[in-house]
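The values are calculated or read from the model by the stated rules, or taken from the named source; none is laboratory data. Source: prediction; values computed, not measured. Glycine gets a Cβ as well: all are built from the backbone with ideal geometry, and neighbour counts include every protein chain shown.
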2 protein chains.
Amino acid sequence: MPRHTATTSARRRGPSMADVAKEAGVSGQTVSRVANGKTNVDDATRERVLAAMRRIGYRPNSAARALRNGQFRSIGVIISALPTFGNSRTLDAIAAAVVAEGFSIILMPVTRPTQGEVTGAFSKLNEQAVDGVIILIEQHQLDQSEIELPQGLPVVVIDSSARYDYPIVDTDQADGAARATRHLLSLGHETVWHIAGPPQSYSAERRRRSWQSTLEQEGREVPPVSVGDWSPESGYQAGLRLAADPTVTAIFAANDQMALGLLRALHESGRRVPEEVSVVGFDDMDESAHFWPPLTTIRQSFEAVGRHAVSALLKEIETGAEAGEPVSVPTELVVRSSTAPPPS
Amino acid sequence: MPRHTATTSARRRGPSMADVAKEAGVSGQTVSRVANGKTNVDDATRERVLAAMRRIGYRPNSAARALRNGQFRSIGVIISALPTFGNSRTLDAIAAAVVAEGFSIILMPVTRPTQGEVTGAFSKLNEQAVDGVIILIEQHQLDQSEIELPQGLPVVVIDSSARYDYPIVDTDQADGAARATRHLLSLGHETVWHIAGPPQSYSAERRRRSWQSTLEQEGREVPPVSVGDWSPESGYQAGLRLAADPTVTAIFAANDQMALGLLRALHESGRRVPEEVSVVGFDDMDESAHFWPPLTTIRQSFEAVGRHAVSALLKEIETGAEAGEPVSVPTELVVRSSTAPPPS
DNA sequence: CGGCGAGATGTTTACGTCAACATGGACGGC
DNA sequence: GCCGTCCATGTTGACGTAAACATCTCGCCG
């Protein structure tokens, strides 16, 4: 590697407290006091320092501050499948809550949710740069074997199996799936078919199990499950098969995207929604109200999930307390035009 | 604020190089050399140090490293409307590219894209913690008056007006809109109607202008514009009005979400797509292929935009060079089932 | 067999900030 | 008028790292 002179590629360092101090004719410590809003500074002096700061464009150096305090005031988010509807919403809520607390947020994307990638995310992005971590990973083989997270770093897990020792925040998946199933049953349908998400996903599993046990509780037959991968395409494929069976009158898709594909399959097969077949989704995406027909679905509050995750993490960071109670965020049934009583 | 003893809320600092040095019986400097993969270390010594690191769980302290080097190896992303389809995709691409370069990424969300919020994002999250910034803001009043960005911090702007002095990376909006318009014209439609995005959005403006000038070039009448706000609901409202006019046979919606609302309005009004009315969208969301009918649209590569933004920024960081050439990412017409020749 | 260079390792110091302690002046009570 | 107090401000040092420089040990060549 060639040597450069200081001006070439080296970042020219910004002005430091010492520069401000010289400019204002005070000591560095006084500058520090002003920068941190301490009260024991004469008003005139404070003004002079503030003016000097503005004049030379002083910005506090967060690295030095972090080094001094042993705290970074920032939290990391390990996330996979960021552009996913739910994940991006949750991330947004997390980010908003985090900055509201005066922390900043470091994003650690992983391409695939494998064990190695996740542990790598910790070490690769030197984990000494965060005070805590939120793990937001859709489907994980993680559960296969314990993943080792660095020493005493506070961690909150969203949407995980209960295998972790860390606080968990999530939507009440079981309750949502039960609502969807009961809604269809209460309209008079004999039973409810299901297009599930990928079995590696813990949310998908919970929705599937809850759908099943709700049917069993009501003494209904449990039809075979179609398995998708959350994508509209997989919903479409499953829908094509379901549409061919005239006994199918009610379908619960594990998310809105698969419901969209399902609707398309039903249209193409000439099965009218909701007159012949009723459909319920899960998520309540922005788009769902404008599907054709507008989709009845289960709304989950990603915002609440994000907020709870942040507050749990911050509490853990401040008190040093280990894992608190898991938090379960309730869901809501949104009835639109894709459900109706079965044809008589 | 009450005083705590060291064990209470104070983050217990992890082991430092000094600890490793003592454990391995070498000097701190040698530990540093091993940590940084320098070659001038005896193999036996290196092994010993590595073992010591593992034994006591050493992690490099990035704050101290940043302080020493004057570099953070991290870049900030100022983003508004994160959960938006395009933004989350772009952010994902940015994140992937950034970590591939060994940098980490700090998220700075702003709730509204006002001048104050954006400048606040710089100072609030002490901007000394990043080596550069990518601004990803959908619609901005920013252009109203110059926003003052901190001194010599490298900046890349995505989807902005040309008012900035910073490198700009964006989709070739004009080209995309022209493709959409010409596609409809080439099917035999007399003219093309347009549902535009919000006028504050520079992308929306460019799409609208390109649609208009394409029509003018072809000597077609330019119908009045419907203005939406990107949401399916606004597309639906505009669609209701358009559907009532029997002379409307071809509509170009400025994004897929508004196209979705438009499709619903056409269905509700009993206007068949594509037999009576053709529709083209813009974005090519995952869902678009499964709209009813599957949507003809303009695909833009958010991935390419993200990648280019990162490489432009990194180049600027390394060389210190000011604003490079703006980058324009091409679009692609994806023909599906929502377009056809007009009814004869 | 003395000297010299190369490579391994140690020592010093500075990066920017802020807690802890030190200093120094003003003011009030007796 | 002397002393104790309080408040503004200054000085010192340490956080963990790594560049620069210093030292020490070999081995090789003349």
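Any idea how many residues of region B:52-77 are in contact with an Asp or Glu (Cβ under 9 Å, 6 or more places away or on another chain) and more than 8 Å from chain A (Cβ to nearest Cβ)?
Restricting attention to region B:52-77, the residues satisfying the condition of being in contact with an Asp or Glu (Cβ under 9 Å, 6 or more places away or on another chain) are B:52-53, B:55-56, B:58-59, B:62, B:71-76.
Keeping just the survivors that are more than 8 Å from chain A (Cβ to nearest Cβ) gives B:52-53, B:55-56, B:58, B:73, B:75-76.
The qualifying residues number 8.
Screening A:Gly14 on (1) assigned to a loop (DSSP other than H, G, I, E, B); (2) more than 9 Å from DNA strand C (Cβ to nearest atom); (3) within 13 Å of chain B (Cβ to nearest Cβ) shows it passes everything except condition (2). Scanning region A:47-60 for residues that are within 43 Å of the chain's Cα centre (by Cα) and farther than 19 Å from B:Gln128 by Cα, which turns out farthest from DNA strand D (Cβ to nearest atom)? Of everything passing the filter in region A:47-60, A:Ala51 is farthest from DNA strand D (Cβ to nearest atom). Of all the residues in region A:202-254, those that are out of contact with any helix residue (DSSP H, G or I) (no Cβ under 6 Å at 6 or more places or on another chain), of a type outside the set (Gly, Ala, Ser), assigned to a helix (DSSP H, G or I) and more than 14 Å from every other protein chain (Cβ to nearest Cβ) number 10. The single residue among A:Val279, A:Val273 that is in contact (Cβ under 8 Å) with a residue 24 or more places away in the chain, assigned to a loop (DSSP other than H, G, I, E, B) and crowded, with 20+ Cβ neighbours inside 10 Å turns out to be A:Val273. Which of the residues that make up region A:66-80 are closer than 11 Å to A:Glu138 by Cβ and modelled with pLDDT of 90 or more? Result: A:Ile79, single match.
Is there a residue being surrounded by fewer than 22 Cβ atoms within 10 Å (Cβ to Cβ) and of a type in the set (D, E, K, R) anywhere in region B:253-260?
No, region B:253-260 contains no residue that is surrounded by fewer than 22 Cβ atoms within 10 Å (Cβ to Cβ) and of a type in the set (D, E, K, R).
In summary, A:Gln257 fulfils each of the numbered conditions (1) part of a helix (DSSP H, G or I); (2) more than 23 Å from A:Trp211 (Cβ to Cβ) with the single exception of condition (2). In summary, helices (runs of 4 or more DSSP H) completely within region B:31-119 and bearing 3 or more residues that are within 16 Å of DNA strand C (Cβ to nearest atom) and buried (at least 22 other Cβ atoms within 10 Å of the Cβ) occur at B:62-69.
Scanning region A:177-184 turns up no residue that is modelled with pLDDT under 85 and in contact with a Leu (Cβ under 8 Å, 6 or more places away or on another chain).
When B:Leu242 is tested against (1) without any contact (Cβ under 8 Å) to a residue 24 or more places away in the chain; (2) within 19 Å of B:Thr191 (Cβ to Cβ), only condition (1) is not met.
Across region A:19-30, the number of residues qualifying as of a type in the set (A, V, I, L, M), more than 8 Å from DNA strand C (Cβ to nearest atom) and in a helix (DSSP H, G or I) comes to 2. Figure legend. Inter-residue proximity from region A:286-300: first residues within 11 Å of chain B (Cβ to nearest Cβ), second residues acidic (Asp, Glu), beta-carbon distance below 6 Å, spacing 6+ or different chains. Indicated pairs: A:Ser288/A:Asp256.
So in region B:12-30, with the set limited to residues that are more than 9 Å from DNA strand D (Cβ to nearest atom) and surrounded by fewer than 18 Cβ atoms within 10 Å (Cβ to Cβ), which one is modelled with the lowest pLDDT?
At the first step, the residues of region B:12-30 found to be more than 9 Å from DNA strand D (Cβ to nearest atom) are B:12, B:22-26, B:30.
With surrounded by fewer than 18 Cβ atoms within 10 Å (Cβ to Cβ) added as a condition, the list becomes B:12, B:22, B:25.
Numbers: B:Arg12: 63, B:Lys22: 93, B:Gly25: 93.
Among residues in region B:12-30 that are more than 9 Å from DNA strand D (Cβ to nearest atom) and surrounded by fewer than 18 Cβ atoms within 10 Å (Cβ to Cβ), the one modelled with the lowest pLDDT is B:Arg12.
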